[in-house]
1. Less than 20 Å apart at the alpha-carbon level, and either on another chain or at least 8 residues along: which lysines does that give for LYS45?
2. Ranked by Cβ crowding within 10 angstrom, fewest neighbours first, how are TYR541, TYR463, TYR235 ordered?
3. Please turn the phi angles of segment 551-558 into ³J(HN,Hα) values with the Karplus equation 6.51 cos²θ - 1.76 cosθ + 1.60 (θ = phi - 60°), one per residue in order, whole Hz, x for glycine and proline.
4. Would you mind putting 60-67, 175-182 in packing order, based on average other-beta-carbon counts within 10 Å, highest first?
5. What is the fewest-to-most order of VAL106, VAL530 by other Cβ atoms lying within 10 Å of their Cβ?
6. Which of ARG252, ARG506 has the fewest other C-beta atoms within 10 Å, and how do the rest follow up to the most?
7. What pairs in LYS221/LYS381; LYS278/LYS488; LYS221/LYS488 have C-alpha atoms more than 32 Å from each other?
8. Among all the lysines, which ones have a C-alpha under 22 Å from LYS411's C-alpha, if same-chain residues fewer than 8 places away are not counted?
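Read the figures in this text as sums done on the coordinates, not as results from a lab. Note that the coordinates shown come from a computational prediction; the quantities given were computed from them, not determined experimentally. As a convention, Cβ positions derive from the backbone with ideal geometry for all residues, glycine included, and neighbour counts pool all protein chains shown.
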Amino acid sequence: MKALSGRRAFTVLLTQAALWATQAGFAAAPTPTPTSLPANDVVLKSMQAELNRSYSKLKTSGDAPVYFIAYRVYDVVACDISGEFGALETDKPMSHKRTLEIELRVGSPHLDSTHSGGHGSGTDHFFSTRVPMPLDDSPEAIRTVLWERTDSAFKAAQSRFANLTAERDVKISEEDKSDDFSTEKPTVYVGPQVPLDVDMTAWQDHVRHLSGIYRSYPELKDSSVHFSAKKTRRYLVTSEGTSIEDEQTEYRVFTTAEAAADDGMKVWLYDGVEARSKDEIPSQAKLEQMVKKLAVSLCQLRVAPPAEPYTGPAILQSKSAGVFFHEIFGHRIEGHRQKDESEGRTFTKLVGHQVMPTFISVVDDPLMEKLGNKSLNGFYKFDDEGVPAQKVTLVDKGILKNFLMGRSPVKGFQNSNGHGRAAPGKSPVARQGNLLVSSTKTVPYSELRNLLIQEVKRQKKPYGLIFDELAGGFTMTQSYLPQVFALKPLRVWQVFPDGKPDQLLRGVDLVGTPLASLESIMSAGDDTDVFNGTCGAESGYVPVSAASPSLLVQTIEVERNSKDKDKPPILPPPNSEQKSGAHK
């Protein structure tokens, strides 16, 4: 994840911007042609009508012309139920909200009011336009909010542009002089509406039952089971003629549990399932198995020995390998980071160069809805800038080929490839969708394990490691920070070269630097699995997936996790006497 720095205050005369605009010779773009919309679609028609009115008037107002406006409205219907030890903890009935985000650019595509000056993504100036929208389909109410917020966005853009143009004379020239905005073909699309189908009473009972399973495991300090369902209807219109109305439905069941080791270290585990329709949610029996398996695993983890700092060979099992690539590679090839001089720009000048072993290839394909029988979180047809999603080959046989691009051009890559993404109410930047890793050099997993043991012996290490799953992690990409990553394994096993049984470890953090870690990949398994999750960055939290085969890595570094000073609870949980040992 990555946080944005604060923006500076500014006071500059607008006449300076007007002078520069005249010298640059740019002109206002033509008024967009109204698109053909469904006759009964009040929201989209109201947005289009107000956009046409605002654009036709504002393109000749102010000292810098408006050349682009986009309205994004996200209509979200959601519910959430959570339970703890057989009782409901949260029971949020269906909620409904609409959020507006306005993107308004003055100047020209070459230099506009979003320009970051090489420092930051240039999206923070949109944040003041995020406001709730009327829930009723009232054209007057919808258009009034759009009118008010467009006026505020226009005035803010004028001030920002004046400040930017004045600063050009006193700042060092930027290394990447690419335009601020790309030219893309307009898109018109209206997708079907599917109701969010949730039996609240049934799911309240399911959550009570599933969370009650943990009562049989007194060793666990805390636990919960969550069910959520959400449908997001998206409306997007732009002054270029793009008009999109589509939706995405998400169902999720997940569980977490926590325990404390005798030395005070907290250990926890997570498991869950995600689905695009209620028919894809596993049966109650399978959900029970998921909860019981996690509870037993956590009881074992609680009494496992703590990890010690270590460098040496390891296997990242398939889900772990997916998260590994998402964090250490995926964020660093997001397009806008390549011209942002506050970024480390690890791969900016490595296009055409080998960045990982020749048997590894990486693509990002948002158009892939499933891998095998598993739904992919990162599936979408159009990004949040209205550009059709595209499959992008990022690495071909170890050679870096491309970046993930939104509509912010970078040197050598002038157009979007459909990866401009955002959470409701945020402004889009280039983000991952479905990151898919493949290998031409694969062996059965049993052979991959044998190769690990051979490498342990070759390096004369006392043991190797196997990471069976990662909960997630974070990576630092800004230039004023170390270019490192830290991942949070859920379970890690020691593998000994003398045949001694594997030993479970607790308190492990996986750390490293991206280039060294990628170069140390030795081989891949013939298995592939999917990690579904949510990723946070400048443009908010968006659903993503990462898929990879298991990977043998020559050198990996781990460090010991921190621990609390508090001892475990003095008294056992209520009713623990009759429940103790039930999980055995």
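1. LYS57, LYS97
2. So the ranking, lowest neighbour count to highest, is TYR541, TYR463, TYR235.
3. Per residue, the Karplus-derived 3J(HN,Hα) values read 10, 9, 10, 5, 9, 9, 10, 10 Hz.
4. Going by the mean number of other Cβ atoms within 10 Å, highest first, we get 60-67, 175-182.
5. Details: VAL106 30, VAL530 23.
By the 10 Å Cβ count, ascending, the order reads VAL530, VAL106.
6. In order of increasing Cβ crowding within 10 Å: ARG252, ARG506.
7. Beyond 32 Å between Cα atoms: LYS221/LYS381.
8. By straight Cα distance, LYS411 reaches LYS171, LYS177, LYS185, LYS339, LYS349, LYS391, LYS401.
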